[in-house]
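One structure is given below, encoded as structure tokens.
The values are calculated or read from the model by the stated rules, or taken from the named source; none is laboratory data. This is a predicted model, so every value here is computed, not measured. Cβ sites come from the backbone with ideal geometry, for glycine too, and all protein chains shown count toward neighbours. For the accessible areas, the whole protein counts, side chains as well, though only heavy atoms, and no ligand, DNA or RNA atoms are used. Shrake-Rupley method; radii C 1.70, N 1.55, O 1.52, S 1.80 Å.
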Amino acid sequence: MGDISRTFGAFVSLRRSTLGWTQIRLASEVGRSEDWMSLVERDMQQVKDLTLLQRFAEVLGVDLAELITLPQPAAERARSRPRKPASATLTSTSAAEEDDVRRRPFLTLAAAALFAPAAGQQAAHAEEKASLAVLEDLLLYGAGRIPSPRREPSQATVAASLVTSRREFKAARYDALTRALPGRIAAAEMIGSAEERARNVARLYNIAVRLCIKVGTNNLVAITADRALTAARLGGDPLITAEAQRMVSSSWRRQGSLARATDIVVVAAEDLLADASVSETARLATRGDLYATAAYTAAKSGDRSYAHALIREAADSAAAASRSSGLLDGVQGVALHELSVHYELGDAGRAIEMAATIDPAALPTAERQARFFTDVARAFDQWGKPEQCYRALLAAEEAAPQEVRRGAVRDLATGLLRHDRKLPGVRDFAARAGVQII
């Protein structure tokens, strides 16, 4: 079997290659995502669960005792001492601390993403950073590292927490959601049968992925998406699984793997369409969401014809679901994605034409309204119209003040500072968005 003095991740990677397997094949064999497996092989993810280690030993054809002896990322030491600020960890020059950084790469990367933004953003994001640290602790160490709930959770409180989490996200109340979500996930892991727990945890992790995207923490996007998909598969609900696959696609897109991100949701859409256990209306509505996500990703890769074909499929599916249910939510969602598709393809004029067909007052949530105005602002910026861009950003802020903390808004605000003499108040707006004003 070779020298086992190598790390666990390196050993798994070598054994997988010897078997002629891809990462996705090994991930499938052990019931995890390819994203998760990539972290394992790069020694950025611990594998301490004995059942999971036994599964690794079985599929790789090695002895469990041999596998257990391999060194893994040293998370235990991190638990037993106070956490250092990321800046201290990253700037330390002692040999001991450099070795610690090398052995705990994921924790370092996550801390860098959460705790080291540009100076101008620190005040605006102080509360979000502290709250997201609790989510990070939940992901890394489990529920034992987060504050205990004030009262014992029940099925009713878990169900209510799902409703509240969705409502807070739709209202763009990201600060409140960030504070509460780790505790809600921990509570959901305690209540109900194994399948019920898995479904509720998957639903909450799906929300967590979207929250991390809003706050701009790419490292946590990947981990929360993996947790969502793992739990969804255990729960056995095709619609929850499809949503988790959409979140995994978003994670791959944010890492720059656009072709893989597109394929994930296209395959998920086709698999769902063939699943007779789900009502036709639900299949069509979810298929529309999946294809809309695929279209946006294809547009980011510059594949014009594929993006247009996918957004047409999304629109057709959403329209068919709407005719059956009488609801417009899916149709509106696809329309917003189509606006983004035109922008990503460089068609600012078409994006603005598309925006003119959408009544923002009819969009049912603050989050969706702010997303609409932000995309309109991006299109006007692309078109070279700063005044219209600024007005759209102000409308986004009015709809959902916390949306101005997003990276896309911050980038636009930074560009608008060149026109500060023509745009009264733009410097104050940029400061609210977290731009460092010199």
Considering only the stretch 418-438, how many residues are assigned to a helix (DSSP H, G or I), in contact with a helix residue (DSSP H, G or I) (Cβ under 6 Å, 6 or more places away or on another chain) and of a type in the set (A, V, I, L, M)? 2
Out of (1) part of a helix (DSSP H, G or I); (2) small (G, A, S); (3) crowded, with 17+ Cβ neighbours inside 10 Å, the odd one out for A160 is which? (3)
Unique match (being small (G, A, S), more than 30 Å from A194 (Cβ to Cβ), out of contact with any Pro (no Cβ under 7 Å at 6 or more places or on another chain) and open to solvent by 30 Å² or more (accessible area, probe 1.4 Å)) among G302, G288: G302
Can you tell me which residue among R378, R371 is of a type in the set (K, R) and either under 21 Å from Y174 (Cα atoms) or touching a Pro at 6+ places or on another chain (Cβ under 7 Å) (or both)? R371
Keeping to the stretch 408-427, report how many residues are under 12 Å from R378 (Cβ atoms) and open to solvent by 20 Å² or more (accessible area, probe 1.4 Å). 2
For the stretch 323-334, the count of residues that are open to solvent by 20 Å² or more (accessible area, probe 1.4 Å) and either in a helix (DSSP H, G or I) or in contact with a Gly (Cβ under 9 Å, 6 or more places away or on another chain) (or both) equals 7
When residues of the stretch 20-42 are filtered for being within 21 Å of A65 (Cβ to Cβ) and modelled with pLDDT under 85, how many remain? 2
Search the stretch 335-382 for residues being without any contact (Cβ under 8 Å) to a residue 12 or more places away in the chain and not in a helix (DSSP H, G or I), and hand back the single one that is surrounded by the most Cβ atoms within 10 Å (Cβ to Cβ). D347
Verdict on R253 being in contact (Cβ under 8 Å) with a residue 40 or more places away in the chain, assigned to a helix (DSSP H, G or I) and farther than 24 Å from R151 by Cβ: yes
Taking only the stretch 29-52 into account, find how many residues are over 18 Å from the mean Cα position of the chain (by Cα), among the charged types (D, E, K, R), outside any helix (DSSP H, G or I) and more than 12 Å from F8 (Cα to Cα). 1
List the pairs whose first member sits in the stretch 261-278 and is under 14 Å from P238 (Cβ atoms) and open to solvent by 40 Å² or more (accessible area, probe 1.4 Å), whose second member is assigned to a helix (DSSP H, G or I) and among the charged types (D, E, K, R), and whose Cβ atoms are under 8 Å apart, counting only residues at least 6 apart or on separate chains? L273/R283; L273/R287; D275/R283
